[in-house]
1. Quick check: anything in segment 30-48 over 30 Å from GLU2 (Cβ atoms) and touching a strand residue (DSSP E or B) at 6+ places or on another chain (Cβ under 7 Å)?
2. Tell me which residues, restricted to segment 13-40, are within 16 Å of the chain's Cα centre (by Cα), modelled with pLDDT of 90 or more and among the hydrophobic types (A, V, I, L, M, F, W, C).
3. If you scan segment 1-25, which residues turn out to be small (Gly, Ala, Ser) and closer than 21 Å to LEU49 by Cβ?
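The values are calculated or read from the model by the stated rules, or taken from the named source; none is laboratory data. None of the values given here were measured: they were computed from a predicted structure. So basically every Cβ, Gly included, is an ideal-geometry build from the backbone, and we count neighbours across all protein chains shown.
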Amino acid sequence: DEGEPCGAMGNMRICKTGLECDFGSSTCQAPQTAELALGDECYANFSLLGDCVNSYCDMMGSNICEPLRAEGEACTFPYECTTGACDAGTCATNRMCVGG
């Protein structure tokens, strides 16, 4: 529950669904839901600091909200793309639920 101890080292203690472990305090906390703008810090101490609006959180690099990438641009994850699809390292047309 919220405020109870958690951690991944030693005696593993996992938070209940809907909470995340704040590794700074080693306690279960509600996720951060602040709206973050382009250029805002979005990831620190293994935790998201909020939701990037019209951008994505570059958790594997700058740790800031970065501009979404257009179709044809290089990508690593689908959430980096305006289309929501990353195919073979390139933002691509999203084919999810397309067709009959």
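1. Initial filter on segment 30-48 (over 30 Å from GLU2 (Cβ atoms)): 38-39.
Now drop any that are not touching a strand residue (DSSP E or B) at 6+ places or on another chain (Cβ under 7 Å), which leaves 38-39.
Yes.
2. LEU19, ALA30, ALA34, LEU36, ALA37, LEU38, listed by residue number.
3. Keep residues of segment 1-25 that are small (Gly, Ala, Ser), which gives 3, 7-8, 10, 18, 24-25.
Passing the criteria: GLY3, GLY7, ALA8, GLY18, GLY24, SER25.
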